[in-house]
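Since every read-out is calculated from the coordinates, none of them should be taken as a lab result. Because the structure is a prediction, the values reported are computed rather than measured. We place every Cβ from the backbone using ideal geometry, glycine too, and count neighbours over all the protein chains shown.
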Amino acid sequence: METSFTLAEFRMAYTAGAFVRVTVRGHGSSFSIEGEMRDSRKIEGGRRGAVGQPAVLVMSRDRNKLRTFLNPAAALLLLRQSGVKRAEVQMANWEPEMTALSMRMRPDVTARRLRDRRIAEAAYYPHRAAETELVDRTDQLEKFRQAKYERLCRLGG
């Protein structure tokens, strides 16, 4: 059974020495942060610190959602800011080819860029007639995504 920590809880637990090891683990197109908890029970020979259950970093607002990073450097920076001096990076299940497919399309940014480009073109080419309606390009985008996915599948398999 995994224990889940928000960032503040993870920092407090790390500061208190609750972790044996901190790992940035790749899975799919993203990375997550895990810590291996110390076992508080005494074990053979009277030693403490046996590896116990894993703990994962979750979102503060939704504790059921794993906190993920597309860039492992962002995860490592967060750990460094939390006081972690040593971390392990596991990339066995990381699939960098899938990153392009998992990138979120931001319609607000895309529309703003398109509008700004058209305004700039209209100022630079005043003799051209301006387009009065926006063209729906969702079909073209879906075909592009499908072609890209098929290319990645051919490369991977």
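Summary table
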{"item": "Proxy reagent accessibility, fewest Cβ within 10 Å first, across Lys85, Lys143", "result": "Lys85, Lys143"}
{"item": "Ranking of Tyr124, Tyr149 by count of other Cβ atoms within 10 Å, fewest first", "result": "Tyr124, Tyr149"}
{"item": "Residue order, fewest to most beta carbons within 10 Å, for Arg80, Arg67, Arg61, Arg21", "result": "Arg61, Arg80, Arg21, Arg67"}
